[in-house]
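Got a structure for you, written out below as structure tokens; questions coming shortly.
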Amino acid sequence: MNKNQFGRRDKLIQEKRIDTYQQTTKLPDPTVCTRCGCVFSNGRWSWQELPADTHNINKTLCPACKRIEDNVPAGYMDLSGEFFVSHKNEILRLIKNEADAESQEHPMERLMEIAEKPEGVLITTTGIHVARRLGEAVEKAYRGQLDYTYGDDEKTIRVSWRR
């Protein structure tokens, strides 16, 4: 008797979640973002020089610029605590430097906004990796308590740092 033949058939089937900002089709080479100038070539977005022949260049908004335009962040980072208030400028400088370094390596990972809140600062990002990198950089430099919370099938992240 084959057990698989009589197995349960009432399993809950998980629907595939779709990230609306992720490319579903391959763009033609080369494609340039009309806002930031990032170039899609060889299957990926990168910071590179445009080819000399500009007649055959396709134009679109890159996924990061679409997120910024729609104001739909993938990463949130909360910074709070007495230590943060007293060292706010140097911590924000560290965050900006780390975000610039991440954006140079991965153009789709960018800072969106740094918003003041009564209890601290909320930073929004276009990707989950840059938010995590920023949290790890702050924890490494200043210690404190760092927490990660993933949501939506790991399409979003909330990073909280407090000291």
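Does any residue of the range 34-56 turn out to be part of a strand (DSSP E or B) and small (Gly, Ala, Ser)?
Taking the range 34-56 first, the residues part of a strand (DSSP E or B) are 39-41, 44-46.
From what is left, the residues that are small (Gly, Ala, Ser) are 41, 46.
Yes.
State all residues of the range 86-113 that are in a strand (DSSP E or B) and either touching a helix residue (DSSP H, G or I) at 6+ places or on another chain (Cβ under 8 Å) or surrounded by 13 or more Cβ atoms within 10 Å (Cβ to Cβ) (or both); if no residue qualifies, say none. If you could, list the steps in order and put the result at the bottom.
Going residue by residue through the range 86-113, those that are in a strand (DSSP E or B) are 111-113.
Of everything in the range 86-113, those that are in a strand (DSSP E or B) and either touching a helix residue (DSSP H, G or I) at 6+ places or on another chain (Cβ under 8 Å) or surrounded by 13 or more Cβ atoms within 10 Å (Cβ to Cβ) (or both) turn out to be Leu111, Met112.
Also: Give the range 114-143 a look and list any residue that's under 16 Å from the mean Cα position of the chain (by Cα), surrounded by fewer than 23 Cβ atoms within 10 Å (Cβ to Cβ) and closer than 12 Å to Leu92 by Cα, or say none.
Of everything in the range 114-143, those that are under 16 Å from the mean Cα position of the chain (by Cα), surrounded by fewer than 23 Cβ atoms within 10 Å (Cβ to Cβ) and closer than 12 Å to Leu92 by Cα turn out to be Ile114, Leu122, Ala137.
Pairs needed: first member in the range 19-35, on the phi < 0 side of the Ramachandran plot and modelled with pLDDT of 75 or more; second member anywhere, assigned to a loop (DSSP other than H, G, I, E, B) and surrounded by 15 or more Cβ atoms within 10 Å (Cβ to Cβ); C-beta distance under 8 Å; at least 6 residues apart or different chains.
From residues that are on the phi < 0 side of the Ramachandran plot and modelled with pLDDT of 75 or more, the pairs are Val32/Cys38; Cys33/Leu61; Cys33/Cys62; Thr34/Leu61; Arg35/Leu61; Arg35/Cys62.
The values are calculated or read from the model by the stated rules, or taken from the named source; none is laboratory data. The structure displayed is predicted, hence computed values, not measured ones. A quick note on method: Cβ atoms are made from the backbone with ideal geometry, for glycine too, and the neighbour counts reach across all protein chains shown.
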